[in-house]
Amino acid sequence: MTLGEGKDKVYMLLDEHSAGGDIEHDEDIELKMAYFFDIAQKNLAQIVPVIKTSEFTADGEQEEYYMPSDFRKPYRIYRDGKIVTKRYRWRNKVLIVPLSDEGCHFEIDYYAIPASINAETPDDYEFEVPEDAAQCLPYWVCAQNLLPDLVMDYSVYLAMYNMMVSQLDTSLPGDNTRLRQALYGY
């Protein structure tokens, strides 16, 4: 889902325009909406992780390799195609690689922090959380818009958001999921 599609869903949920309508929107809602989407996406990225990959080849001249600015924490480390996650040390967002690993190719899968969304973010910005998680975002944004409203009840949208989030698939790619045959189990 894009930011523009998310905004349209919020306007429909708030009954600001019909499904195909193009009515002038409340400027106050428009100014706050991008920031609410930013908060919601970053919160959801902690529940349904955004996993990205960073690659480098150890040059033997340095021991410290800095991770990208969106790095939150490591998920997996591959050295020359083999998982070596627990064999390396971290210092904040810096991977410590011994000089003896010169020439080794590293791939680091990491939990990423989604890019910030603000008033200048274009409507074609694609949310970084998975699509099922992105579908939850408009409900949280609606609740935040209605929070200071003394007439409209925000709790309906917040309850719908919480219900949708509770049903999200939070498994990680490559999880060591095992199935057990239970009919003839011991």
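Every number here is computed from the coordinates shown, using simple stated rules; none is lab data. In this text, all values refer to a predicted model and were calculated from it rather than measured experimentally. All Cβ positions, even for glycine, are placed from backbone atoms using ideal geometry, and neighbour counts span all protein chains on display.
Going by how many other Cβ atoms sit within 10 Å of their own, how do TRP90, TRP140 line up, fewest first?
Working: TRP90 12, TRP140 24.
By the 10 Å Cβ count, ascending, the order reads TRP90, TRP140.
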**Fill in**
Between (i) 20.7; (ii) 19.4; (iii) 16.9, the structure-derived Kirkwood radius over Cα pairs in Å is (ii)
**Prompt:** Sorted from fewest to most neighbouring beta carbons within 10 Å, what does the list VAL48, VAL129 look like?
**Reply:** VAL48, VAL129
**Request:** List the lysines whose Cα lies under 28 Å from the Cα of LYS73, skipping any in the same chain that are fewer than 8 positions away.
**Result:** LYS42, LYS52, LYS82, LYS86, LYS93
**Fill in**
The relative contact order of segment 34-186, taking Cα pairs under 8 Å that sit 6 or more residues apart, comes to a percentage of 30 percent
**Request:** Report the percentage of all Cα-Cα pairs in segment 1-110 whose separation exceeds 17 Å, rounded to a whole percent.
**Result:** 65 percent
**Prompt:** What is segment 50-112 by shape, rounded, prolate or oblate, if you read a ≥ b ≥ c off the alpha carbon gyration tensor as root eigenvalues and call it rounded for a/c under 1.5, prolate for a/b larger than b/c, and oblate otherwise?
**Reply:** prolate
**Among ASP109, ASP149, ASP38, residue whose mean-square fluctuation peaks in a GNM of the chain (springs only between Cα atoms under 10 Å)** = ASP149
**Message:** Springs between alpha-carbon pairs under 10 angstrom, Gaussian network model over the chain: which of LYS52, LYS86, LYS32 fluctuates most?
**Reply:** LYS86
**Cβ-based exposure ranking for PHE106, PHE127, in which fewest neighbours within 10 Å come first** = PHE106, PHE127
**Prompt:** Over segment 50-112, what is the relative contact order in whole percent, taking alpha-carbon pairs under 8 Å and six or more residues apart?
**Reply:** 55 percent
**Request:** Using a 10 Å cut-off on Cβ atoms, rank the peptides 53-61, 111-119 from the highest mean neighbour count down.
**Result:** 111-119, 53-61
**GNM top mover of MET33, MET164, MET152 - the chain, alpha-carbon springs below 10 Å** = MET152
